[in-house]
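The values are calculated or read from the model by the stated rules, or taken from the named source; none is laboratory data. Keep in mind the model is a prediction, meaning the values are calculated, not measured. Cβ atoms come from the backbone with ideal geometry, glycine included; neighbour counts cover every protein chain shown. Ligands, DNA and RNA are stripped out before the accessible areas are found, and what is left, the full protein with its side chains, is counted by its heavy atoms. Shrake-Rupley method; radii C 1.70, N 1.55, O 1.52, S 1.80 Å.
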Amino acid sequence: MNVLEVKQLSKKFGDFIAVDNITMSVKEGEIFGFLGANGAGKSTAINMIASLLRVTKGEIEVLGKNIAKHSKFAKMNIGIVPQEMAIYEDMTAYENVRFFAGLYGLRGAELKERVIEALAFVGLGDKHKSYPKNFSGGMKRRLNIACAIAHRPKLLIMDEPTVGIDPQSRNYILGSVKKLNELGCTIIYTSHYMEEVEEICTRIAIIDHGKIIAEGTKGQLKAIITNQKNISIEVRSAENLNKSKLEAIAGVNRVEVEDRIVKVTSDSEINNLNRIIQQLMADDLEIRAVEENEPSLETVFLTLTGRSLRDQ
Amino acid sequence: MRDTLWLIRKTFMSTFKNYLNLFIYFVFPVMGILLATLVQGGTGDSELKMGIVNHDGGQAITKRMMDSVGKQDSMLVIELEENEIKGRIASGELDAAIIFPTGFAQSLIAHKPADVKIVSIKGAQVTGQVTATLDQHINNMVSVGRAAQGDEAKFIALYDKFQKPGFELAGKKVEDQSVNFNKTNQSIGYLLILMLVSASNLSGILIKERENRTYYRLLSSPISPRTYVLSNIIVNLTMMMLQIAVTLLIMMTIFHVDPGIPYWSMFLILVLFALVAIGLSLVIVAFSSSSSTASGMQNMILIPTSLLSGCMFPLVLMPETMQQLARFLPQYWLLDTFSDLQQGGSFGELSLNLIILIAFSVVFTLIAVYKFGRNNDTRSYI
Ligand SMILES: Nc1ncnc2c1ncn2[C@@H]1O[C@H](COP(=O)(O)OP(=O)(O)OP(=O)(O)O)[C@@H](O)[C@H]1O
Ligand SMILES: [Mg+2]
């Protein structure tokens, strides 16, 4: 069953189209990655799904029910971790989670149990009585997550939950996401960190200028650019490399040298490995290893959108 | 309903956690009463200090009239110029002033007495008593005038004859409840300002929650925006009812100020004003994009209107046009209701005042609701 079904969804801010006619679906048990550069429209799309923004056009179904008609049902089953922190600084960690969980009708012993569970889940089990103003960025992020999961949503939407935090907190969060997913929670995960998405997501949609320009599993996405192949050749020393001769070989698009690794990007249809190796041998480079890599998601993204994921 | 209670509980919790809030709700109004008692001073048995302005100079009859006012036990009279009145009343040197118009003596002889004007800040209660005794005296003079048949010399002779035994301006001492009333009204004036500030602070939570984005989390939960705003209003009203109840109680029991109006009447009328304050605070929230704009608007609206409507010092001290302007302000109507009730007006007679207060709160609330509805960012409340 599809936990989420989005049909021809659009959002306009004045004349500006932030989300442009996207259609997608998320199946139960998936970790669905939403990949896009800054301003691509990820948050806008997600906020419409979470009823935080009015839909300009299109339909959204959660667990088979239209969210416009069954708004309460949809909201009960969704948890959102907003991109920017949404917690009360003047309430303790425990009070924060309890308050938000209470909005979903939980009370009494059950509420207490869920709050304790959620805080333990994000690793804040020993911080019940602390105020967020004394928290590190990573701890706040985790509290932000705890507030979204205490009511045990079927669909958890996370909008860049790891932005700007230390690697330790980030790993902890990624671990929690996987664990939550194993416990049966379907997750939509937004990020512009390629590695994260590649590590945890079962399916990925690439969004650019408000449009979904590609969608599928990692393998499927990489297959989109099968016309490219990456060859890495490790040599003893790349000093004598004649780069232009290498580039002149039929099919070769790009040659980069990183220390002792020569990276060649080439059309996959043309079998030119022999000629490349011959050229390197002619230059008297001592070849140590040759490896033909799958293209990375980064390459996929670059190829499809023509820009890098992060503004460097 | 369960949801509403949940939100109410949380709002109460954060309100009580903030000590500044508690000061504004409960400590400052009491300081207001203290200030009012100090400013208004006295116990209520003091002599009335009357000023007399004589525009009918050189007329023997007017002069005699002034003397008889001065003979009163409870009045201390000095003569002064009209332009001095406001300053002297403001500084507390005078309680009231009587102004005799030009041609006053002639008007008595012609037994068509001209109007004598009375200026006072002590409230209509004092003015009323002075007017009553003065009227009585003037009526007597008119009879004298009739007897004198327009002859001035005869008039003066008759006047002096009447003056001697038992012919006193007033039989009874003017009882001055005004000190108590003034203490009450001044305390209430301060209370009104603090109510307006309290209401704005509490509605301000709506903006703060937009700013710290917890509002969006609320929006994504099954709570409806209406429930959310409603719970805020309920807390706002409850806190102000507590504020009113405590302030009035302390004023009457600890400061022993007799307001001349029953406790519950005052309470109910002030609750009406609380609704006005909430309505106004919602308007401020609806038109503010951030906490800083909201507090800017708050400063620009609350203090000046309170000054203008007589919350800080009596209206009579202000120029005539300002006094007219005050009629457009809700604070004026509340203070007016109180002083009318102190003069013995009934609730029935004051229905216009009460309707005006209700109208203010309804209009403010409607403006806020309209504006909320038009904030096209979904993140609007209604
Ligand atoms: N309330 C708004 N009014 C006008 N334009 C908006 C509004 N919200 C977003 N936009 C615009 O819509 C576009 C998409 O924004 P969005 O926040 O969805 O991007 P994003 O993919 O989440 O980017 P980021 O990675 O920076 O979070 C941006 O160009 C942004 O400027
Ligand atoms: Mg975003």
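Quick notes on this structure:
- Heavy-atom accessible area with a 1.4 Å probe sorts A:Lys127, A:Lys133, largest first, into A:Lys133, A:Lys127.
- Checking every one of the trypsin sites (Lys or Arg not before Pro) in the stretch A:30-122 against DSSP loop status and a limit of 15 other Cβ atoms within 10 Å picks out A:Arg54, A:Lys69, A:Arg107.
- Summarised in one figure, the compactness ratio Rg/Rh of chain A, Cα atoms and Kirkwood Rh, is 1.08.
- Candidates A:Glu59, A:Glu291, A:Glu30, ranked by Gaussian network fluctuation over chain A, Cα under 10 Å, top entry: A:Glu291
- Cα-centred dipole magnitude for chain B, charges only on beta-carbon of K, R (+1) and D, E (-1), debye, nearest 20: 1680 debye
- Estimated purely from DSSP H runs of n ≥ 4, each contributing -39500 (n - 2.57), the mean residue ellipticity at 222 nm for chain B is -21500 deg cm²/dmol once divided by its residues.
- Cross-link partners for A:Lys229 among the lysines, with Cα-Cα distance under 23 Å and sequence neighbours closer than 8 places in the same chain left out: A:Lys218, A:Lys243, A:Lys245, A:Lys263.
- Estimated at the nearest 10 Å², the accessible area of A:Thr303 is 80 Å² with a 1.4 Å probe.
- Structural descriptor for chain B: relative contact order 19 percent, calculated from alpha carbon pairs under 8 angstrom and at least 6 residues apart.
- In chain A, the longest principal axis of the Cα atoms and the axis of helix A:137-149 are about 60 degrees apart.
- Per-residue ellipticity at 222 nm computed for chain A from its helices equals -10000 deg cm²/dmol, with DSSP H segments shorter than 4 residues left out and the rest contributing -39,500 (n - 2.57).
- Gyration tensor verdict on the protein assembly as shown (Cα atoms; rounded if a/c is under 1.5, prolate if a/b is larger than b/c, oblate otherwise): prolate
- Between B:Arg9 and A:Asp15, the FRET efficiency estimated from the beta carbon spacing at R0 = 41 angstrom works out to 0.40.
- Remark: mean inter-chain Cβ contacts per residue of B:137-150 equal 0, using a 10 Å Cβ-Cβ cutoff to other protein chain atoms.
- Exposure rule at most 15 other beta-carbon atoms within 10 Å, DSSP loop trypsin sites (Lys or Arg not before Pro): chain B longest free segment: B:174-326
- Looking at the stretch A:227-294 alone, DSSP beta bridges between its own residues are antiparallel in about 100 percent of cases.
- A:Ile277 paired with B:Ser291, simple spin-label distance in nm, labels 7 Å along Cα-to-beta-carbon: 6.8 nm
- Highest GNM mean-square fluctuation among B:Asn180, B:Asn140, B:Asn232, for chain B modelled with Cα contacts below 10 Å: B:Asn140.
- Interface of A with B. Using a 1.4 Å probe and counting protein heavy atoms only, the two chains hide about 2700 Å² of accessible surface, both sides summed.
- Close amide H partners of A:Asp166, meaning residues 5 or more places away or on another chain with modelled amide H under 5 Å apart, are A:Gly138.
- Basic side chains Lys and Arg get +1 at the Cβ, acidic Asp and Glu get -1 at the Cβ, and with that the dipole of the protein assembly as shown about its Cα centre reaches some 1480 debye.
- Under the span-like rule (Cα at least 30 Å along the axis, Kyte-Doolittle mean at least -1.0), DSSP H helices of chain B: B:124-148, B:178-211, B:225-253, B:263-286, B:351-374
- FRET efficiency, 1/(1 + (r/R0)^6) with R0 35 Å, evaluated for B:Lys17 and A:Leu183 via beta carbons: 0.50
- DSSP bridge orientation in the protein assembly as shown - percent antiparallel, rounded to nearest 5: 60 percent
- Most mobile listed residue (A:Val262, A:Val19, A:Val115) in chain A, GNM with C-alpha springs under 10 Å: A:Val262
- Note on B:Glu152 and A:Lys72: their simple-model spin labels are 8.9 nm apart, each label 7 Å out from Cα toward Cβ.
- Residue-wise HN-Hα coupling along the stretch A:61-76, computed from phi with Karplus coefficients 6.51, -1.76, 1.60 (Hz; x: Gly, Pro): 10, 10, 6, x, 10, 5, 6, 6, 8, 10, 5, 5, 4, 4, 5, 4
- Farthest positive-ward along the protein assembly as shown dipole, Cα basis, beta-carbon charges - from B:Ser91, B:Asn182, B:Ala274: B:Ala274
- Evaluated at q = 0.23, 0.29 Å⁻¹: base-10 log I(q)/I(0), Debye formula over Cα of the stretch A:227-294: -0.96, -1.57
- Cβ neighbours within 10 Å from other chains - mean over A:101-107: 5
- Computed from the C-beta positions of B:Val363 and A:Glu269 and an R0 of 60 Å, the FRET efficiency is 0.20 to the nearest 0.05.
- Relative to one another, the C-alpha centroids of the stretch A:11-54 and the stretch A:204-232 are positioned 18 Å apart.
- Placing unit charges on each Cβ (+1 for Lys and Arg, -1 for Asp and Glu) gives chain A a dipole about its Cα centre, and among A:Val55, A:Ser232, A:Leu180 the Cα reaching farthest toward its positive end belongs to A:Val55.
- Unit charges on C-beta of K, R, D, E only; dipole of the stretch A:230-312, Debye: 160 debye
- Averaged over peptide A:208-214, the number of partner chain Cβ atoms lying within 10 Å of each residue's Cβ comes to 0.
- Area of A:Glu215 that stays accessible when all protein chains are in place (1.4 Å probe, Å², to 10): 70 Å²
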